[in-house]
Amino acid sequence: MVDADGGGGLTPSQTVGPFFHFGMTAPPAPGQAALADQDLAGPGTPGEKIVLLGVVLDGAGHSVSDALIEILQADGSGHLPGTRPATNSEFRGFGRAATDAEGTFRFRTVRPGRLSPQQAPHIALGLFGRGLLNRLLTRVYFDDEPANATDPVLALVPPDRRATLIARGEDSGHGVRLFRFAIRLQGPDETVFFAT
Amino acid sequence: MALPASAPPPVHPPSLAPDYVSTRLRAPLLPPIVLASMATESAAPVFASVAHEAAEADLTRQHGGEPIGERIIVSGHILDEDRRPIAGTVVELWQANAAGRYTHERDQHPAPLDPNFSGAGRVVTDADGRYRFVTIKPGAYPWRNHLNAWRPAHLHFSLFGRSFLSRLVTQMYFPGDPLFDYDPIFNAVPDAAARARLVASFDLATTQPEWALGYRFDIVLRGHAATPLEGEHG
C-alpha cells in the first residue's frame with residue numbers, strides 16, 4: 001500500500017510526556033510487575049558486574065529530571081538477548097530507568113562482551129522525555145577498552161566528538177566498577193546521537 | 001526536460017519544533033550520525049516473564065468501583081512496514097482520566113482524581129498482532145506551553161516491535177477533536193497523511209451495544225530497512 005507520504009505508512013512518533021512513570025516504570029496494573037527495571041544482571045549472568053551512572057543535561061546545562069532511559073546490550077560473553085542457547089541465566093538484556101530530580105539514572109548490569117574481535121564492548125541507549133518528539137539513540141563505550149580504537153561505529157564519529165560516547169570508569173569502593181556517562185542533549189559537547 | 005521528483009515528506013516530527021516550547025532546550029542541534037547496520041540495535045529485549053500476558057486489558061476494572069466517564073474500547077493491530085502483524089509484542093498504555101487529570105504527582109492542575117481509575121495498562125499482542133484495551137475516554141489536559149494551551153484528548157502508547165530499532169512511543173487521538181489545530185505536538189508531524197495516522201477511527205463493529213463506543217487504531221512500526229528521519233528522504 002502506498003501512502004501519500006514517503007514513510008511507508010509508519011505511525012509517527014510523539015513525545016512520551018512528563019507523566020510516563022506510572023505507565024512505564026511502575027507496575028501498570030494490579031498483579032503485574034514493571035516490564036523492566038534498573039537491574040539487568042541476575043546471579044547467573046555471565047560477565048563483570050558494573051554500575052552505569054548517567055546524567056542527562058539540557059541545552060542550558062540544567063538537569064533533565066523527567067527523562068526515560070532504556071538500554072540494550074549483550075551479556076558478558078558477547079551474546080545479545082535471544083541469541084544465547086537456553087541457560088539458567090535471567091539475562092533480559094534490557095533495562096529501563098527514569099532520571100531523578102538531579103537528572104541522574106543508574107543501572108546495575110554487566111560489562112558487555114565484544115560481538116566480534118573488531119567491535120568494542122558497548123551498550124545501546126535510548127532516551128525519551130518531555131521536549132523530545134522522537135527517541136534519541138546513542139551508545140555507551142568504556143574508557144578502559146582498547147578495542148575502542150577499532151570499533152566500526154566509533155570510527156564513523158568525528159574524532160572530536162568520540163569522547164561524548166565514552167563512559168569514565170572509577171572504583172566504586174564496593175568491588176564493582178562504576179562508569180559515569182553524561183548525556184548532553186544540546187550545545188557544547190553535545191552527545192552523539194545515531195539514526196538508523 | 002524531466003521535472004525533478006519532489007521528495008516525500010518525512011513521517012516523524014523534527015527534533016526542534018519551537019512551538020512546542022520544551023524542545024527549544026532539549027532538541028539536539030547536530031544531525032544524527034547514520035548507522036548502516038548494527039547488530040546490537042537489531043536485537044530485541046527478551047520479555048519472557050510477560051510473554052504469557054493477555055492481549056486484552058481492562059483499565060475500568062482495576063479498582064473497587066467503575067471509573068467515571070465514557071467507557072471505550074480501543075483495539076487494533078501492531079504491524080510492520082510490510083503490513084504484516086507482529087505477534088507477541090508488548091503494548092503499554094497510559095492516560096489521563098475523564099476529567100483530564102493524571103494519577104501522577106506532577107499533575108496538580110484543578111481537575112478531580114478518580115479513585116477508581118489509575119490509567120495504565122499493558123498487553124501482549126495475540127497471534128494476529130491484535131491488542132484490545134477497555135478504558136475511559138480521557139479529557140483534554142491543560143499545559144503551560146502557551147497561554148490557554150490544552151492537549152487534545154490522547155492515549156499514550158509504547159511499542160517494541162521486532163527490535164530496538166522499531167521501538168516507538170506515540171500518542172493516539174480521537175476523531176473530531178477541536179483542539180488539533182492548536183496543538184504543537186500533534187502539528188509537529190509535518191505531513192497531513194501521517195498526522196491522520198495518529199487519529200483513531202470510530203468503529204461501529206468494535207462498539208458494543210449498551211456498553212462502550214469502539215475505536216480502531218493500528219500502529220505501523222518500522223522493520224529492518226533504514227527509515228528516513230527528519231531531514232532525510234529515502
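Yes/no matrix, rows are residues, columns are (1) more than 30 Å from residue B:10 (Cβ to Cβ); (2) among the β-branched types (Val, Ile, Thr); (3) open to solvent by less than 40 Å² (accessible area, probe 1.4 Å); (4) in contact with an Asp or Glu (Cβ under 8 Å, 6 or more places away or on another chain):
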| site | (1), (2), (3), (4) |
| --- | --- |
| A:113 | yes, no, yes, yes |
| A:123 | no, yes, yes, no |
| A:138 | no, yes, yes, no |
| A:142 | yes, no, yes, no |
| A:154 | no, no, yes, no |
| A:164 | no, yes, yes, yes |
| A:168 | yes, no, no, yes |
| A:175 | yes, no, no, no |
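Examine segment B:20-34 for a residue that is touching a helix residue (DSSP H, G or I) at 6+ places or on another chain (Cβ under 7 Å), within 30 Å of residue A:190 (Cα to Cα) and in a loop (DSSP other than H, G, I, E, B), and state whether such a residue exists. Within segment B:20-34 (the criterion being touching a helix residue (DSSP H, G or I) at 6+ places or on another chain (Cβ under 7 Å), within 30 Å of residue A:190 (Cα to Cα) and in a loop (DSSP other than H, G, I, E, B)), the answer is yes, since at least one residue qualifies. Within segment A:57-83, the set of residues being within 18 Å of residue B:42 (Cβ to Cβ) and open to solvent by 30 Å² or more (accessible area, probe 1.4 Å) comprises A:79, A:82, A:83. Within segment B:133-147, residues that are closer than 18 Å to residue B:187 by Cβ reach partners that are outside any loop (DSSP other than H, G, I, E, B) and charged (D, E, K, R) with beta carbons closer than 8 Å, at six or more positions or on different chains, in the pairs B:140/B:151; B:141/B:151; B:142/B:151; B:143/B:151.
For segment B:173-211, how many residues meet the condition of being surrounded by 18 or more Cβ atoms within 10 Å (Cβ to Cβ), of a type in the set (A, V, I, L, M) and facing chain A (nearest Cβ under 9 Å)? The number of residues fulfilling the criteria is 5. At least 2 residues being open to solvent by less than 10 Å² (accessible area, probe 1.4 Å) and either at pLDDT 95 or above or closer than 25 Å to residue A:35 by Cα (or both) is the threshold, and among the strands (runs of 3 or more DSSP E) wholly inside segment B:47-146 those reaching it are B:71-80, B:90-95, B:120-124, B:130-136.
Among the residues of segment A:40-56, just one is open to solvent by 20 Å² or more (accessible area, probe 1.4 Å), under 18 Å from residue A:165 (Cα atoms) and in contact with a Gly (Cβ under 8 Å, 6 or more places away or on another chain), namely A:55. Residue count for segment B:102-122 under the criterion of being in contact (Cβ under 8 Å) with a residue 40 or more places away in the chain and at the interface with another protein chain (Cβ under 10 Å from one of its Cβ atoms): the result is 5.
Mind listing whichever residues of segment B:187-203 are of a type in the set (Asp, Glu) and within 14 Å of residue A:14 (Cα to Cα)? B:191 - this is the single residue of segment B:187-203 that is of a type in the set (Asp, Glu) and within 14 Å of residue A:14 (Cα to Cα). State yes or no: is residue A:131 closer than 15 Å to residue A:68 by Cβ, in a strand (DSSP E or B) and at the interface with chain B (Cβ under 10 Å from one of its Cβ atoms)? No; evaluated as a whole, the condition is false for this residue. When residues in segment A:21-33 are screened for being open to solvent by less than 40 Å² (accessible area, probe 1.4 Å) and touching a residue at least 40 places away in the same chain (Cβ under 8 Å), 1 of them pass. Among the residues making up segment B:155-164, those that are open to solvent by less than 10 Å² (accessible area, probe 1.4 Å) and over 17 Å from residue A:28 (Cβ atoms) are B:163, B:164. Among all positions in segment B:10-32, there is no residue which is at pLDDT below 95 and more than 8 Å from chain A (Cβ to nearest Cβ).
Per-residue answers, yes or no, for (1) within 13 Å of the chain's Cα centre (by Cα); (2) over 27 Å from residue B:64 (Cα atoms); (3) not acidic (Asp, Glu):
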position: B:93; (1), (2), (3): yes, no, yes
position: B:123; (1), (2), (3): no, no, yes
position: B:149; (1), (2), (3): no, yes, yes
position: B:163; (1), (2), (3): no, yes, yes
position: B:170; (1), (2), (3): yes, yes, yes
position: B:176; (1), (2), (3): no, yes, yes
position: B:180; (1), (2), (3): no, yes, yes
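Within segment A:177-195, the residues that satisfy the criterion of being in a loop (DSSP other than H, G, I, E, B) and either out of contact with any Asp or Glu (no Cβ under 6 Å at 6 or more places or on another chain) or on the phi > 0 side of the Ramachandran plot (or both) are A:186, A:187, A:188, A:189, A:190, A:191, A:192, A:193.
The values are calculated or read from the model by the stated rules, or taken from the named source; none is laboratory data. Just so it is clear, the model here is predicted, and its values are computed rather than measured. Using ideal geometry, Cβ is built from the backbone for each residue, glycine included, and neighbour counts are taken over all protein chains shown. Please note that ligands, DNA and RNA were not included when accessible areas were found on the heavy atoms of the full protein model with its side chains. Shrake-Rupley method; radii C 1.70, N 1.55, O 1.52, S 1.80 Å.
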